[in-house]
C-alpha cells in the first residue's frame, strides 16, 4: 500500500509538470535559448554557414551583445549585497545586529558573489535567473548549514497563473532535471533501491543537456562529458550512454491551521523553595494568632459554665468546632497564599504550533492546566516533494519558520507572468544586420583585392593564371588569335551602406541602455572636465539603475528574508561563526549565538543571544551592489580626511596599495607607540609645567628678595652719595670762600703796589 501511495504522489508531480510545460513555456525557452546562444557567439545556423561558404563569403560574426551582458552584470554585481536587520522589540536588537554577520557568513561560504553573477547573466541573456536558499543537512557533522545555490532557469517551472514579481502567489514551483541514475542513488543512499528500480517516462539515453544543436556543432553526449572516474554511471550494457532519469523537486504553498498558545511557565525550583519558606512563615504567624484566639474563647466559655449559662458539654462542643474551623482556615490560607506567590513568579509565554500538536499537548492534564488562552489562525507552510522517475523519494514540510518559496527570481523585464523578456532578445535583429553588413563589406573588399576574370576558352593556361594572376610582376601568357581576359570589377557599395555599421552599433547601445562612454570610450568625453564626465555617468546609467532598483534589489531583499528564515530554523544550538571580512585590512570576526545560561545548580535555564526566537525585519541596503567611481570616491575620502571625519586607515582600506594589511598593522603599532610616547610626553610636560611653576615661584621669591636687598643697598649708596656730596659741597664752598679771600687780598696788595709805583714817577709823567 505504501508503494502505491508513493506512485500516486509521483504521478501527481508528473501531471503538474505536463500542465506547466505548455507551448507558451516551450516557446519562451526557445526564444531565450536563441538569445543565450547569440550572447555566447553562436549566431549562425548550419544553413547560414553553408550558404555563406557557397558564395565565398566570410562566416565570422562581430559580437556586439556580449559587452551588453558584461556591463549589465558589472553594474549589478560590482559589490556584494549588504543586509540590515531591525529588531521588532528592544530585546531583539542585539540579536538582530548579528544577522548581517550571519548573512555574510552564508554568502561567503556559498560563494554567493559568483552565484549572483551567474544569475544576473541568466537574467540578461535568458530573461530570468534564480538563486535558491537550501539546507545541507550533512554539513557541520550533521548540525546542518544554510547554503545558496544557483539553478538553471530552464530547469525551473513556475505556476503559469502567478502574477507576482517574486512569484509569492504561485501555487507551486518545480525544479526538473535529468540526471544519471547512479548519481541520484549516491545522493539518496536510503532510497537507492527505489531509485534503481524506478521507471523513466522519457528515453533514458538522450543527451545529458537536452539541448538541440546544429549538425555542425558538437553534440556533447553524456559519455563525452564524463571522465574515467565516472564510468560507473554508464548503463549495464555499456552502450556509451548514461542511464539518465528525471528528477523533480516540487514546492507547494499550503495553508495550515495553527494555534497561538499562551501558557504559564512554572517557577524555577529555587523560586518554589523561596515561596515555600514564605508560606511557612505566614502559617506560623497565623497559628500563633489562632492559639491566642482559642485561649480567649476557652476562657469565655469557662466563665459561662461557671455562671451556669451553658453546660460543660456545650463548651466542649464549641471548642471542637473552633479547632476544626481553625484547621480549615490554615489550609485555605496556605493554598491561597501559595497560589498568589506562584502567580507573581510565573511567566506567561506563547508558542505557535499546529492544531494537531496542540491537541496532543492538551491530552496531558497537567499541561492543560497551564494553558491560559489559545488563538487559531491559518498560515503558509512549504511542502517539498522529491520524485525520481515514477518513485516518490520523500514528501515533507519545510521548518515552520520558512514561509516563502526557496527560489528567488531575478527578472530582466518582468511581463506580469513567469515569462519575462531578456535584454538580448531585442538586440538579435540588429546583431544579424551588423553581421550581414560586415560580411558584405569584407567580401566586397576581398573581391577588389583578388579580381575575377572573363576569358575565351582556350585563350589561356588556366592553371598558370590561377597560380600567378595575383603575383606582382607575373607574366601571364595569352595564346594568339584570342582576346585578352577581362577583369570583372566588384559592384561598388553605396556610401550609405557604410553608415549602417555605425548606426547599428548606436541602435544596439540605445536599445540596451549601455553606451560607449559607460564602456570606457572617451571619444566624446576626452576634452570634458571631470565633473562633466561624472554627470554623464550618472545620467547615462539611469536605465540600468531602474532595472536594479525594481528587479534586482527586491530579489536580493527576498534572499535576505529567506536567509533569515533558514538560519533561524537551522542554527538553534550554540554555535560560533568566524566571519571573513571583505576588506583585507579587517581582521576575522567571531560571532557566537544561542549561548546557554545556567543556574547555581548547573541547570540550563535559558539562552543568551537566542537567535531562533528573535523577531526582526530584514532590509537590503539600497545601492550596495552598485559600482563606485574610485577616483571620485577617493577624492571624497581625502576631503573627509582633511575635515577629520575619517582617519587615514579608512582611506587606505579603499585603495589598491599592495600589502596594505601589513601597512595598517605597522601603522597600528606606530599609533600605539605614538600614543604611549604622547602620553609620556604629556606626563613630562605636566611635570615640566609643575617644575616651571615652582621655578617661577622661586624666581619670583628670589627677585623679591633681591629687590629688597637692592633697595637697601641703593638707599645705603644714596645716603653715602648724599653724604659725600654734602662733604664735597662744603669743601668746595669753603675753597671758594678761601679763593675769594685770597683774590681780594691779592687785589688789595696789587693796588697798593700800583699806587706806590705811580707815586714814585716824575710829575710830567704823572700829568701825561
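The values are calculated or read from the model by the stated rules, or taken from the named source; none is laboratory data. Here the structure is a predicted model, which means the values were calculated and not measured. Here Cβ is always computed from backbone atoms with ideal geometry, including for glycine, and neighbour counts include all displayed protein chains.
Looking at segment 260-312 only, could you name the residues that are in a loop (DSSP other than H, G, I, E, B) and modelled with pLDDT under 80? Those that are in a loop (DSSP other than H, G, I, E, B) and modelled with pLDDT under 80: 266, 267, 268.
Name the one entry in 38, 60 that is surrounded by fewer than 19 Cβ atoms within 10 Å (Cβ to Cβ) and farther than 30 Å from residue 593 by Cβ. Of the residues listed, the single one that is surrounded by fewer than 19 Cβ atoms within 10 Å (Cβ to Cβ) and farther than 30 Å from residue 593 by Cβ is 60.
Consider residue 100 carefully, then state whether it is in contact with a strand residue (DSSP E or B) (Cβ under 8 Å, 6 or more places away or on another chain) and over 21 Å from residue 561 (Cβ atoms). Judged against the criteria, residue 100 is not a match. Residue 76 satisfies every condition listed in (1) surrounded by fewer than 22 Cβ atoms within 10 Å (Cβ to Cβ); (2) part of a helix (DSSP H, G or I) except (1). Under the condition of being under 19 Å from residue 147 (Cβ atoms) and assigned to a loop (DSSP other than H, G, I, E, B), the residues counted in segment 404-415 number 3. Of the residues making up segment 353-377, those that are over 20 Å from residue 256 (Cβ atoms) and touching a helix residue (DSSP H, G or I) at 6+ places or on another chain (Cβ under 9 Å) are 367, 368, 371.
Applying the criterion of being touching a residue at least 24 places away in the same chain (Cβ under 8 Å) and surrounded by fewer than 11 Cβ atoms within 10 Å (Cβ to Cβ) to the residues of segment 337-375, the residue that is nearest to the chain's Cα centre (by Cα) is 347.
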